[in-house]
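These notes concern the structure reproduced below.
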Amino acid sequence: MHDREDEEVTAFVRARYGSLLRTAFLLCGDRGKAEDLVQTTLAKTVVVWSRLQRSEGIDRYVQRVLVNTFVTSTRRRSWWERPLGRLVESQAPDEYMGVEQRDLLRRALEGLPARQRAVVVLRFYEDLSEQDTARALGCSVGTVKSLSSRGLQTLRKQWVEVDAVADQGVRYA
């Protein structure tokens with residue numbers, strides 16, 4: 001990579017890292033996994049950077065790599081990843097967890113299958129059109145519509161259940 005390309009990559013990362021991290025967090029539901037997902041996405045992007053410069057589709061490419069990497073990672077568990085139970089970690093306050101509704105939304109998103117979650121995040125958080133979402137996921141507009149419909153239906157059902165619990169004076173945990 002040349003010095004000019006290094007500067008371009010650095011500028012891109014500085015400009016888009018926060019947005020990519022937020023999107024990855026909504027997909028993963030975990031800050032550490034989101035950081036790993038963004039790092040993997042950027043590493044894959046750097047490899048083809050010179051080709052992307054000519055095509056002017058860097059943002060779309062990065063978004064597609066981010067979503068595809070997430071969906072692929074949910075399909076397989078590496079042989080060295082063996083859950084041993086739940087670890088209790090003390091962490092600094094997470095800037096994305098400050099508002100209770102965001103936490104509830106995150107939990108609800110975690111309950112969706114990976115492709116439904118990806119569609120909901122891209123359509124309603126990233127504000128992509130159905131066509132752009134279909135391009136990012138490499139599927140048809142009809143698939144985006146059905147995944148979106150099912151995902152929103154599930155989220156609405158979960159939100160009603162949370163409201164019902166809150167109305168009874170019980171905190172959602």
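We did not get these values from a lab; they are worked out from the coordinates using the rules stated. Note that the structure is predicted; figures quoted are calculated from it, not measured.
Per-structure values
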{"read-out": "Sequence-distant lysines (8 or more away, or on other chains) whose Cα lies within less than 24 Å of Lys33", "value": "Lys44"}
{"read-out": "Within straight-line cross-link reach of Lys157, lysines at Cα separation under 24 Å, skipping those fewer than 8 residues along the same chain", "value": "Lys145"}
{"read-out": "Cα centroid separation, the range 5-68 to the range 108-137 (Å)", "value": "17 Å"}
